[in-house]
Amino acid sequence: MSAPNIKKVPTSPYKDQHPGTSGLRKKTRVFMDNPGYTENFIQSVFNTLIGDPDIDLSREILAIGGDGRYLNHEVMQTILSMAVANGFGEILIPRRGLISTPAMSAVIRQRKALGGFILTASHNPGGKEGDFGIKYNVSNGGPAPETFTQRIYELSLSIDHYLTAGDLEFQINDETEYQIGSTKISVIDPFADYQTVLEEVFDFNKIADLFKSGFRMIFDGMHGVTGIYAKHFLEHLLGAAEGTVVRGESMLDFGGIHPDPNLVYNSFLVDKMMAEGAPDFGAANDADGDRNMIFGYKLFVPPGDSVAVITDMASRCIPGFKDGVAGVARSMPTSTALDRVAKNLGIECFETPTGWKFFGNLMDAGLCNICGEESFGTGADHIREKDGLWAVLSWLSIISETGKSARDILMDHWSRYGRSYYERHDYEEMDSDKANQMFSDLKKKLPGLKGVNLSGQEITRADEFRYVDPVTKDVSEHHGLRFFLADGSRIITRLSGTGTKGATLRIYLEQFDAENIDQDTTTMLKGLSSMAINLLEIPKYFGSSKPSLIT
Ligand code: VG1
Ligand code: CO
């Protein structure tokens, strides 16, 4: 193509472009119906980069890809044109513009890119009436840290123009390289870099032997982007039977399903794995492939336990950890199962705010290698994102090395360490004013709650979680209210930063039992759940006390 015709387009700011827990997420229509909405945000990211005196875009590489949801293609073309106009040296595009969040993290790291856009609203539904989103990841491959997202937001409030090379239609379907003006466009393989980093961690031959022995699994791609990865890795490279991957084709609206792998939104897999004659192992990923749900035969493995088991078994079963695990981290509301393993291994367990962006500094500094979140996120320092496929390969490695079933592995774990019964109760699409009122009322009550008796149990501590990054010393505040009870149980509440309608209140419940390890979670947590409803006065603010989602 010839030299691009660069245009400076006047625009006026939108006031709501504050990236949340992970990226900017809105209803798809917000991106479609508001002129310049996408362009303003993208230019604000570029302006944040340009504002750094050490950065010269003409010497930098930018990666762009997405989870295949509605608008993926259009926004991809918009960003390409803007990246050319802003003078990037090279732009990397995965074939057909499709890439998972973990694979994008690998691309950025392996190719030393300055950063990358991932077009996804992650586990949120897609389609014209669903959600769209844009994540920006920085040069370590991880989500932009808070200081960076804050700067994007500030610049978005005063933006007055953006640069574009116009309505060019970029060829992104086949692997190729071409030049537009001074920018090189490289359409790349979406698997290669990711495969390189995974092969450094896992023994693929060993996992292949497991499948050769007749081991059966089911992988549910939920019509997001991970289906193509699961087919490539599990069926083609590791020899899992054809048909192992179900709902594997990427679809614009994910076939109408809510691509969030939990017990409610993925009842499809629950039904398959809880049935007589179920396969030995089951897993699902969310739309952009960073979340995972794991099942053994007729057994759900809770995410907080999954990361604890993987950490406990890593040095024995996963070659990348043969020298041991340096440290681990979990988000504050996540179950303390991981803390007990860390204690046993004699390593540190860091407690961070919710969102993967807080793990990056710890990993970069070599302080931790394995991380987990209660929201079905598990991962390690081979990249800087949570990684659904990594969790699956970790379990397959443990199963193949120990020769035990996932069920026996989890039961052994609980009998050695005890079990944290754990549940998250969500109240979705609530009135935002009422939710904010509830939080401000509760915060005022915090100092007086210590020693208060709650249905027979004393509150031993009540506070608001505040995080000081051990590496940068950056302080991050308002990350949830915590209530600790005399028997060690915890009630935690915070507002979601990924919703796109009203407020979503999350209540996290955790109760430890050293001996009774095979009880029903809901029954075990009944008492704690009603204590939480009373303590937080849910009916007073929201009318009903019934959560809309329990995971
Ligand atoms: C939720 C989860 C959080 C996760 C985030 C992004 O955030 O609770 O643990 O990191 O989603 O996940 P919030 O603020 O709604 O609670 V993903 O897979 O959507 O990028
Ligand atoms: Co996701």
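Cross-link partners of K343 among aspartates and glutamates, defined as those whose alpha carbon lies under 12 angstrom from its own and excluding same-chain residues fewer than eight positions apart: D312. Surface composition of the range 1-77: carbon and sulfur atoms hold 51% of the protein heavy-atom accessible area at a 1.4 Å probe.
Taking R0 as 45 Å, what FRET efficiency do you get between S315 and T11 from their Cβ-Cβ distance, rounded to the nearest 0.05? Could the numbers behind the result be given before it?
Numbers: r = 53 Å, r/R0 = 1.19.
With R0 = 45 Å, the Cβ-Cβ based efficiency is 0.25.
What is the local net charge at T523, summed over the other residues whose Cβ is closer than 14 Å to its Cβ (Lys, Arg +1; Asp, Glu -1)? Once positives and negatives cancel, what remains is -2. For the range 451-483 and the range 241-289, compute the distance between their C-alpha centroids and round to whole Å. Cα centroid of the range 451-483 versus Cα centroid of the range 241-289: 36 Å apart.
What GluC sites (Glu not before Pro) does the range 61-155 have in DSSP loop regions with at most 11 other beta carbons within 10 Å? Answer in residue order: E129. Here the accessible area is traced with a 1.4 Å probe on the protein chains. For the range 319-389, carbon and sulfur cover 44 percent of it. Note on the range 86-243: with neighbouring protein chains present and a 1.4 Å probe, carbon and sulfur make up 46 percent of its accessible heavy-atom surface.
Among the trypsin sites (Lys or Arg not before Pro) in the range 1-100, which ones are in a DSSP loop with at most 10 other Cβ atoms within 10 Å of the Cβ? Mind listing them?
Working: sites: K7, K8, K15, R25, K26, K27, R29, R59, R69, R95, R96; in loops: K15, R69.
Here the trypsin sites (Lys or Arg not before Pro) that fit, given the DSSP loop and packing criteria, are K15.
A 1.4 Å probe run over the range 52-208, with the rest of the protein chains in place, finds 35 Å² accessible per residue. Annotation for the range 290-356: chymotrypsin sites (Phe, Trp or Tyr not before Pro) lying in DSSP loop with at most 12 further Cβ atoms inside 10 Å of their Cβ do not exist.
For the residue pairs K27/K473; K386/K473; K357/K473, the C-alpha atoms sit more than 25 angstrom apart in K27/K473. Cross-linked pairs K15/K112; K26/K184; K26/K434; K26/K443: Cα-Cα separations exceed 24 Å for K15/K112; K26/K184; K26/K443.
Taking the solvent-accessible surface of protein heavy atoms with a 1.4 Å probe, what is the per residue accessible area of the range 488-534 in Å²? Present the calculation step by step, with values, prior to reporting the outcome.
Numbers: 1950 Å² over 47 residues.
Here the per-residue accessible area is 42 Å².
Proximity of backbone amide H atoms, modeled 1.01 Å from N, is registered between A240 and E235 at under 5 Å, excluding neighbours fewer than 5 places apart on the same chain.
With +1 on each Lys and Arg Cβ and -1 on each Asp and Glu Cβ, and nothing else charged, work out how big the dipole of the chain is about its Cα centre, in Debye to the nearest 20.
Values: 55 positive and 73 negative charges, 166 e Å.
Roughly 800 debye for the chain.
How much net charge surrounds F215 when only other residues with a Cβ under 11 Å from its Cβ are counted (Lys, Arg +1; Asp, Glu -1)?
Values: positive: K212, R216; negative: D209, D280.
Value of the local net charge: 0.
Around S405, under 11 Å between beta carbons, what's the net of Lys plus Arg minus Asp minus Glu among the other residues? Summing Lys and Arg as +1 and Asp and Glu as -1 gives 0. Under 15 Å of direct C-alpha separation, and excluding same-chain neighbours fewer than eight residues apart, K7 reaches these aspartates and glutamates: E39, D160, D167.
The values are calculated or read from the model by the stated rules, or taken from the named source; none is laboratory data. Everything numeric here is computed off the predicted structure, so don't read it as measured data. Neighbour counts run over all protein chains shown; Cβ positions are idealised from the backbone, glycine included. Only protein heavy atoms, including side chains, enter the accessible area calculation; ligands, DNA and RNA are left aside. Shrake-Rupley method; radii C 1.70, N 1.55, O 1.52, S 1.80 Å.
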